[in-house]
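Visitor: Sharing a structure with you now.
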Amino acid sequence: IIPKAVTQFLFSLCVSVSCSEDHTGSQEGVLMSPDWPEPYPESSLCSYTLAVEEGLQFELTFGGHLIFYFISNVLARSFLSNVNNITLISKVIHRLQLVFLTDNSNHQSHLGFTAFYQAVDIDECSSSSVENAPCSQICLNTLGSYLCACHHGYMLRADQRTCVLECGGGVHSELEGTISSPGFPDMSPLDLDCVYTISVQPGFMITLNFSQNFHIEQVYNQGQTCLFHWLQVSVQGKKPQKYCGRKSPEVLNTGAHFVQLEYHTDRYGQSQGWSLHYTTQRVQCPHPGIIGNGSITPNFAQYLYRDYIHVRCKPGYKLMMGEKEISSFKSICQSNGKWHLTLPECKIIDCGAPKLLLNGDFQFISGENNEYLSVIEYHCNEPYYRFKDTAKVTYRCAVERKWTEVNNNDIIPPCYPECGMNTELSVGGRVFGGMPARPGQIPWQLLHKTHTRGGASLISDYWALTAAHVVDGLENINMTWLGGIINARNKNPVMMEAEKIIIHPNYQKVSFRGHQTNYDNDIALIKMSARVPLGPNIRPVCLPNKTRESVMEGTMGTVSGFGGFKEGLTSEILQYGHIQEYSSKQCVFEDLPVTDNMFCAGDDVKHVDSCQGDSGGPLFFPMLGHGTKEQRYEVRGIVSWGPVRCGQVSKAYYTKVQNYLGWIEETMTNN
């Protein structure tokens, strides 16, 4: 708004040049008279408008010779010519207008003006334009405004300008902080009842560190102190303690996570007050100790709240919590200073009871109770069973909780029956009218008396070997075999029930008028339904060596059986006799086909021969190169066929066992 007198003057002039510039919102810039730096024209009227945000003010720096009007809503000023480098600062104005006015009398003698303007912040905290003091205690100047604050112990009121005394300051929950009396280090106000609460989370303990500048009025009365001014510290579970005087409490370890301070002054006396810095420390748990055969990690000198420990056992030991095994253990130090779990134990592992060995046993060499590193030794039930390649095997209870050998093998080898062992055979004797056997001399001899009498040879503790024609047609009939006897009338024989009878697939029964006409592949296997209990009187015979020639002319062997021993008589006593092998040319006594699967044996001199009832029985020979001090025997022949009248020709044919070793092994494996 331009004053009326100025307005009348302006309109009384004849204006030839007019201009207008609006610098609203610009924070800085330059103002110039028309044609600057040339002389300004006559009869000119120019207006310059400046405006910034409230809280800011203008700073203008002028130069040159001029006459102009500085106009605002509150004042108007005029400046005459010959004014150079003048700086003007408006204290409250944030919007103004400059008017440049000339008449027609310049005559090119005046150059006009230049002016630089910029917006600057108003310092409200020292500005006299704000009535009274803006803040009652502390004023903080800000860009375009100001903020009020209060001294310690005071609180800003709702008017955001004045302060009022405030004790306590609420609850201090930070793990570290500073607290002081109102106005400290100035004198404390009178008549105070201030309460300060420090409450941190459980698991932390508060320590109060008082500064040395400590002064609370101290009055003595009959031995009592801290009567009118005092600072009381209250800790849970402890008696409150009052402090006053000039001696600082210095450091107070409260041992609690909650502390309350009460500061009291009455209406008289003077106390400078106090200041403290409080810190917190984690609660300490007792050292967990040591654990036998194990370790605790991490290993700290002390354990604090939230620390944790692990327990690991040494190899060969297991974690046990009471009677229960656990896979891992972790315990945490709690806020109450106790571990949330008690320590477990490391107990030695065990491998459980060793596996039982069929036809064998074990004994402890070291250790006991099947514990870690205990050593056991397996052995077979000698002399009837043995391991194939060793006499004994040793196993150790390993960290994997199983019994293993040195190479970590945990498979126990089977016990194989010892074959071909017997008591010594006497030289001489006859099967047909021959020498009776003594117990244990031919322990592999088996007998069946049902149907047609026949024999067999025990070759393992499950399997026996016989002639096919002995069991032909009896595959599905219950057949009982007797063993461990030399007398067919023995009332306590080893009874063996046949589970399977397997006749060689190439055996063909061909007969003419009730007589067999072809004995090729005359061999069969018998599997017993239960394991045969081996002993001194019942043991298997060995199978022949695969690489050695099975039939050698003149070689002496032994044939045995419960068949005919005198003409027309069947022996109830096991008979045996020694015979030799002959070539097939020397054994032509019937018009029956002879193949390479059979060989001839007998004794023309002593007339030793097998007879009816001996069929299926063994023709056995001493083993060569058996490598032991004891003599072993192998079955090379099975009593197969011969002349009808025993002893007249004294020769017979036997199935050549060596030709069937592959079939025997395969059949036993698959069944």
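We did not get these values from a lab; they are worked out from the coordinates using the rules stated. Here the structure is a predicted model, which means the values were calculated and not measured. With ideal geometry, Cβ positions are generated from the backbone for all residues, glycine too; neighbour counts draw on all protein chains shown.
Visitor: About the Cα centre of the chain, what is the dipole size in debye to 20, counting +1 per Lys and Arg Cβ and -1 per Asp and Glu Cβ, all else neutral? Walk me through the numbers before you get to the answer.
Guide: Details: 51 positive and 64 negative charges, 747 e Å.
I would put it at about 3580 debye.
Visitor: Could you work out the relative contact order of the chain? I mean the mean sequence separation of Cα pairs under 8 Å and 6+ apart, divided by the number of residues, in percent. Before the final figure, lay out each step's value.
Guide: Values: 1634 pairs, mean separation 48.7, N = 671.
7 percent.
Visitor: Still on this structure: Counting only residues 5 or more places away or on other chains, whose amide H sits under 5 Å from the amide H of G617 once H atoms are built in the peptide plane?
Guide: Excluding prolines and chain starts, which carry no amide H, the hits are G455, V639.
Visitor: Something else now. Please compute the contact order of region 435-669 in relative form: average sequence separation of alpha-carbon pairs under 8 Å and at least six residues apart, divided by the residue count, as a percent.
Guide: Numbers: 564 pairs, mean separation 52.4, N = 235.
For region 435-669, the relative contact order is 22 percent.
Visitor: Something else now. Counting C-alpha atoms alone, how compact is the chain: give Rg to one decimal and Dmax as a whole number, in angstrom.
Guide: According to the Cα coordinates of the chain, Rg and Dmax are 62.8, 183 Å.
Visitor: A further question follows. What are the extents of the Cα atoms of region 272-396 along their three principal axes, listed from largest to smallest and rounded to whole Å?
Guide: That works out to 107, 22, 17 Å along the principal axes.
Visitor: Let me have the 222 nm mean residue ellipticity of the chain computed from DSSP H runs of 4+ only, each contributing -39500 (n - 2.57), with the sum over all residues rounded to the nearest 500.
Guide: Values: 3 runs with 22 residues, N = 671.
When only DSSP H runs of four or more count, the value is -1000 deg cm²/dmol.
Visitor: Of K347/K402; K318/K402; K500/K546; K314/K402; K509/K656, which pairs sit farther than 22 Å apart, going by alpha carbon to alpha carbon?
Guide: Beyond 22 Å between Cα atoms: K500/K546.
Visitor: If packing is taken as the mean number of other Cβ atoms within 10 Å per residue, what is the order of 191-201, 574-584, highest first? Present the calculation step by step, with values, prior to reporting the outcome.
Guide: Working: 191-201: 16.7, 574-584: 21.4.
Per-residue Cβ counts within 10 Å, averaged per peptide and sorted highest first, yield 574-584, 191-201.
Visitor: Also, I was wondering about something else. Going by the alpha-carbon gyration tensor, a ≥ b ≥ c the square roots of its eigenvalues, is region 435-669 rounded (a/c under 1.5) or, if a/c is not under 1.5, prolate (a/b greater than b/c) versus oblate? Don't skip to the end; give the middle numbers.
Guide: On the way: a/c = 1.21, a/b = 1.15, b/c = 1.05.
Since a/c stays below 1.5, the shape of region 435-669 is classed as rounded.
Visitor: Taking the Cα atoms only, what angle lies between the long axis of helix 661-670 and the longest principal axis of the chain, rounded to 10 degrees?
Guide: The angle comes out at about 50 degrees.
Visitor: Then there is this: Could you give P(r) for region 341-407, binned at 10 Å from zero, as whole percent values over all Cα-Cα pairs?
Guide: Percent of pairs per bin, in order: 21, 44, 23, 7, 3, 1.
Visitor: Consider all pairwise Cα distances in region 285-348 and report the whole-number % of them above 15 Å. The partial results should precede the final answer.
Guide: Values: 947 of 2016 pairs.
Value for region 285-348 (Cα pairs over 15 Å): 47 percent.
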